[in-house]
Structure formats: structure tokens, C-alpha cells
Amino acid sequence: MIPAAIFTFLVGAVLAWGVRVWILFPLTLFAFFVTMICELIVGSGFLAATSASLLIGLMPQLGYAFGLFARGALVAQRSPRKAQVDVLVKRRSF
């Protein structure tokens, strides 16, 4: 379950760089139902399968949020915000 959670987190983070947020709905449903079916086939109980499916279904959303944060941090780091002091405080000499 941990490798699947890491994989779906990374998929969500990658999707944040180029796809709009609407991709999360089908991706979350797909991850939820695939995990639910796989857990029930393996023989887990319904409650355990539901909890695992909710965890795996939540990971792409957390990954997407992390990807947006990382993209914003990288853009902010590259932006030239450094201004000279004499430009900011321009005094007139009378």
C-alpha cells in the first residue's frame, strides 16, 4: 500500500505542473476504485479496503497541492525582486 500511495502522490505532483485541477476528480475515483477492488480480491475486510482506498484516493490531491506549492516556490525564487535602495527611497534635493 505504501508504494501505491507514494506513486499516486508523485502522479498528483507531476500533474500539477501541466494539467488543471479538474484532472483530480477522475484520477481520485480511478485510484479509489482500483484500490478497493484489489483489496477486496486479496481478501481484506470491507472496512480495511475502504480505509486503504480512501488513503490512496487522497494521495493524488495531496501531491497536486504539493506540486502547486513547489511550482510557486520555484517561480518566486527565480523572480528578480531585488531592487536598489536608491530606487526605493528617492529623495529630492532642494
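The values are calculated or read from the model by the stated rules, or taken from the named source; none is laboratory data. What you see is a predicted model; the values in this text were computed from it and never measured. All Cβ positions, even for glycine, are placed from backbone atoms using ideal geometry, and neighbour counts span all protein chains on display.
Here are the numbers for the structure shown:
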| quantity | calculated |
| --- | --- |
| Members of segment 50-80 that are within 16 Å of the chain's Cα centre (by Cα) and over 21 Å from Leu29 (Cβ atoms) | Phe69, Ala70, Arg71, Gly72, Ala73, Leu74 |
| Selection from segment 48-94 of residues that are assigned to a helix (DSSP H, G or I) and at pLDDT below 90 | Gly72, Ala73, Leu74, Val75, Ala76, Gln77, Arg78, Val85, Asp86, Val87, Leu88 |
| Test: Leu40 is in contact (Cβ under 8 Å) with a residue 12 or more places away in the chain and either assigned to a helix (DSSP H, G or I) or out of contact with any strand residue (DSSP E or B) (no Cβ under 9 Å at 6 or more places or on another chain) (or both) | no |
| Positions within segment 29-50 being of a type in the set (Gly, Ala, Ser) and loosely packed, with under 15 Cβ neighbours inside 10 Å, in sequence order | Gly43, Gly45, Ala48 |
